[in-house]
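Notes follow once the structure below has been shown.
The values are calculated or read from the model by the stated rules, or taken from the named source; none is laboratory data. Remember, it's a predicted structure, so these values are computed and weren't measured experimentally. Cβ atoms come from the backbone with ideal geometry, glycine included; neighbour counts cover every protein chain shown. Accessible surface areas use protein heavy atoms only, side chains included; no ligands, DNA or RNA. Shrake-Rupley method; radii C 1.70, N 1.55, O 1.52, S 1.80 Å.
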Amino acid sequence: MRTPLGRVRGLGSARSGTEHFWVQRLTAIANVPLVLALVILVIVLAGRSHASVIATLSQPAIGILLLAAVISVIVHMRIGMQVIIEDYVQGEGMKVTLLMANTLFSCAVGLVATFAILRICFGS
Amino acid sequence: MPQTTNHCSAASFPLLNPGFPDMPMTETKTTVTRPLSPHLQVYRMTLTMAMSIAHRLTGAALYVGTILFVWWLLAAATSKSFDVINGFLGSWFGYLILFGYTWALLHHLIGGVRHLIWDTGRGLGPTEREFFAWVTIVGSVTLTFVIWMLGFMFKG
Ligand code: HEM
C-alpha cells in the first residue's frame, strides 16, 4: 500500500524538492563574506615568493577561511551548474552524462583544494 | 464522431484555438496547433533581461575559473611549478585575468543579493528591477576598483 504522495516523491525533473533551492540560498549568503576575503587574499599574494605565500596561508584563521570558502563555493557552483544543464540540455542521456560530469568536476576541485589547504597548514 | 488521435491538440479545445476556428475535429496528424510561446527574438532586449543573462554567464565563468584557483593552491602546497603559475598570475596578463574574475564575481555577488531580496517578495516592481540592474552595473565596476586598490595597499 503506497500513499499518493509516496508514489510521486522523487519523480520531478530534478528528482528532489526544494532542498537545492534552499541550499543555493544558504551558500549564496555564506559566499558573500568568504569570497570577498578570498579575493583580497589572492590579490595580495599574487606574485609573492613561495615562502611568503605559505607563511600567510598556513595561519590557522586563514586555513579555516579557505576551507569554509571552498566548501561553500563548491556546493553552490555544483547546484548552479546543475540548474543550467537541466534548463538547456534536452536529451535524457546527454543530460545525465553532463550532470555526472558536473558532480565529478565539483568533487575533484573540492578535494584537490582541500588536500592542498591541509598540506599547506600541516606541512610535510 | 471519428476518433481524435491527439488528445492534447488544441483542436479538442476550440476555445484555446481562436486562430483556427475551422480546424476539423478529425485530424490524425499532429500539426502544431497548440498555443506556443513566442520565440525569443520577438522580445525587445531589456536591461533586466541582460542582467539575468549576465548573472548566469558570470556564474558559469566563475565555475570554470575555480580551476585556476585550485591550480595555484596545489602548486603552493607541493611547491612544484609554483614559480610558473605565480609568475603568470603576477604578470600583467595574470592581473588582467584576476581583475576580470573579480569583476565577474562582484557582478554575480550583487546580482545574487538581488535574487535574495526578490526571494523575500520585495523589489519585484518595474522601477525596482531597473534600479537593481543599475546598482549591479555601477556597483560591480566600482567595487572591483576599490578591492584592487585595497589589495595593492595591503601588498605594500
Ligand atoms: C559571492 C557570492 C555569491 C552569491 C551571493 C551568489 C548567489 C547566487 C544565487 C542567489 C544564485 C541563484 C540564481 C537563480 O536562482 O537564478 C546563484 C547561481 C549560481 N551561482 Fe552564485 N553566488 C555567489 C558566488 C558564486 C561563485 C563563487 C560561483 C562559482 C564558482 C557561483 C556559481 C553560480 C552558478 C553556476 C549559478 C547558476 C546560475 C544560473 O542558474 O543562472 N556563484 N548564485
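Got the relative contact order for chain A handy, in percent, Cα pairs under 8 Å and 6 or more residues apart?
Relative contact order here is 31 percent.
For the range B:40-60, list whatever residues lose no less than 20 Å² of accessible surface once every protein chain is in place, relative to that chain by itself, with the probe at 1.4 Å.
SASA drop of 20 Å² or more in the range B:40-60: B:Arg56, B:Ala60.
Can you pull the mean other chain C-beta count within 10 Å for peptide A:97-108?
1
Any chance you could list P(r) for the protein assembly as shown, counting all Cα-Cα pairs in 10 angstrom bins from zero, rounded to whole %?
Bins of 10 Å from zero give 6, 21, 26, 21, 13, 7, 5, 2, 0 percent of pairs.
Within 10 Å of each Cβ in peptide A:76-87, how many partner chain Cβ atoms are there on average? Round it to a whole number, please.
Going residue by residue through A:76-87 and averaging, the value is 3.
Sorted by average packing, counted as other Cβ atoms within 10 angstrom per residue and highest first, what order do A:110-121, B:142-153, B:73-84 take?
Going from most to least packed, we get A:110-121, B:73-84, B:142-153.
Counting only protein heavy atoms, what percent of the accessible surface of the protein assembly as shown is carbon or sulfur at a 1.4 Å probe?
Here it works out to 73 percent.
Translational diffusion coefficient of the range A:17-124 at 10 °C, 1.306 mPa s, Stokes-Einstein with Kirkwood Rh over Cα pairs, in µm²/s as a whole number.
102
Probe of 1.4 angstrom, ligands and nucleic acids ignored: what's the accessible area per residue over the range B:47-153, in square angstrom? If you can, show how the numbers build up before the last one.
Details: 5590 Å² over 107 residues.
I get 52 Å² per residue for this part.
With solvent modelled as a 1.4 Å probe, how much accessible area in total do chains B and A shield from it at their shared surface, in Å² to the nearest 100?
Heavy-atom accessible area buried at this interface is about 3300 Å².
Mind checking which helices in chain A clear 18 Å along their axis (Cα) and have mean Kyte-Doolittle hydropathy of 0.5 or more, DSSP H runs only?
Values: long enough: A:19-45 (37 Å, 1.79); A:60-88 (42 Å, 1.59); A:92-122 (44 Å, 1.48).
Counting only whole DSSP H runs, the qualifying helices are A:19-45, A:60-88, A:92-122.
Residues in the range A:48-72 near a label at B:Ser81, defined as backbone nitrogen under 20 Å from the 7 Å Cα→Cβ point?
Once the point is set 7 Å along Cα→Cβ of B:Ser81, A:48-51, A:53-54 turn out to lie under 20 Å by backbone N, inside the range A:48-72.
I'd like the distance between the alpha-carbon centres of the range B:42-88 and the range A:71-124, rounded to an integer number of Å.
Value for the Cα centre distance between the two parts: 14 Å.
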